[in-house]
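These notes concern the structure reproduced below.
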Amino acid sequence: MSAPPTSPAATAPEGATEAAEAAVEAIRSAAGQDTSFSLQLSQDQKDIRDWVHGFAADVVRPAAHEWDEKEQTPWPIIQEAAKIGLYGYEGMAQFFADPTGLTLPIVNEELFWGDAGIGMSIFGTSLAVAAIFGQGSGEQIGEWIPRCFGTVDDVKVAAFCASEPNAGSDVSGVRSTAKFDEGAGEWVLNGQKAWATNGGIADVHVVIASVDRELGARGHGAFVVPMSEAKGISQGTKVSKHGLRASHTADVFLDDCRVPAGYVLGGKEKLDERLARVREGKRSKSQAAMQTFEASRPTVAAQALGIARAAYEYALDYAKEREQFGRKIIENQAIAFTLARMKTEIDAARLLAWRASWMGRNGLAFENAEGSMSKLKAGEVAVWVTERAIQILGGNGYAREFPVERWHRDAKIYDIFEGTAEIQQLVIARAISGMHIK
């Protein structure tokens, strides 16, 4: 048996070596040139990230324990966020305007790194804003989005009301109704909404209601209900929660609540046209609640990542300082390897969130449910990472004197709200299979 050739050149066809060398040279010469693909943040993105991180570190995190204990909306901190431009129409427009789609998730990750409950109090308004921006007319966007935030001197919040006591994951189960009173030229809304962030304390409520129950979720409309103008809307029971306790969550009741005809997002004419197409058996382009959730899932994923990163960084610092059996606990492979996994999982989840954010901002369809992928992964990572952080701290991790137990409580909701982990998997499975899996 003959010996193998000592080099590729020994058996390469004539001229192949020269071609390979030319290809290598071309690769080398291209190094450092601009390309269409980059994971490098722009200077503007870095500046915004550092600015929000500073607010989270200096204002939010020091107040986190206090407002978690109070279980109250931290209006003074929302006011501070408004003063510096972090909370408000102009700031949100700037975050949304980034053509890469990355600024909004970056801002959310940094703010929720500070504290998730306070972060939700500041950014809970954005879900209603997303609904108005995604479904409203230009005139409605100009009128209602600024009202969601109020002014620096008179700060307001907004609420998105979709879930109901018997309609959470099953959006088609919404029982709240919207009937049009032709004589008065008004919509009449009736029903009960549950789990509404800022519900009852918001100036602007965006309410999902059924216009035609026979059409299921395709028969829904989204209605703007201003608390200061509409009669028949009221706050129900405020929810006492496991986590995100600085964020207000409550039921909202609609009892013959009347709003003008033009308060349905997109306008009554477009709603009537869409419902007519559905009744004729034609495919509806969107469902009111699902359209909002699809747009917001990458941002929600970024919020979960902020919590996970906070817990990881705290556990890492703790492991490098804590001594047991005469050495730092990070010197034990079990601890070091866990921290390595925590960091890896966080970074992997962030890439999924950034991909989905970029796709959404650039109008690319989530053909494989990329938005749901990002939210599913980030939610699971946040729960797992915060649990591991508690384990690394041992008894201290279980004590309320240390923040990791709060982060663990805050993380769990990201497996549940805006679509449970099971629903996200169902959405992904349907997308990749093309089948209506139940």
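Among the listed pairs Lys70/Lys238; Lys193/Lys377; Lys46/Lys156; Lys156/Lys375; Lys193/Lys231; Lys179/Lys231, give every one whose C-alpha distance is greater than 24 Å.
Correct reply: Lys193/Lys377; Lys46/Lys156; Lys156/Lys375.
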To the nearest 10 degrees, how steeply does helix 61-70 sit against the main Cα axis of the chain, on a 0 to 90 scale? 40 degrees
Can you tell me the dipole magnitude for the chain around its Cα centre, using point charges on the Cβ only (Lys, Arg +1; Asp, Glu -1), in Debye to the nearest 20? 1000 debye
Given the DSSP H assignment, sum -39500 (n - 2.57) over each helix run of at least 4 residues in the chain and divide by its residue total; what's the result at 222 nm in deg cm²/dmol, nearest 500? -16500 deg cm²/dmol
Have a look at Gln333, Trp384, Leu352 and report the one farthest towards the positive end of the charge dipole of segment 288-433, computed about the Cα centre with Cβ charges (Lys/Arg +1, Asp/Glu -1). Gln333
Output the 0 to 90 degree angle, nearest 10, between the alpha-carbon long axis of helix 268-279 and the longest principal axis computed from the alpha carbons of the chain. 70 degrees
Using only Cα atoms and rounding to the nearest 10 degrees, what angle (0 to 90) does helix 421-433 make with the longest principal axis of the chain? 70 degrees
Rounded to the nearest 20 debye, what is the charge dipole size of segment 158-279 about its Cα centre when +1 sits on each Lys and Arg Cβ and -1 on each Asp and Glu Cβ? 380 debye
Computed for segment 43-123: size of charge dipole around the Cα centre, +1 on C-beta of each Lys and Arg, -1 on C-beta of each Asp and Glu, debye to nearest 20, value 100 debye
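Taken together, the values in this text are just the output of simple stated rules run on the coordinates, not laboratory data. Predicted model, so just to flag it, every value in this text is computed and none were measured. A quick note on method: Cβ atoms are made from the backbone with ideal geometry, for glycine too, and the neighbour counts reach across all protein chains shown.
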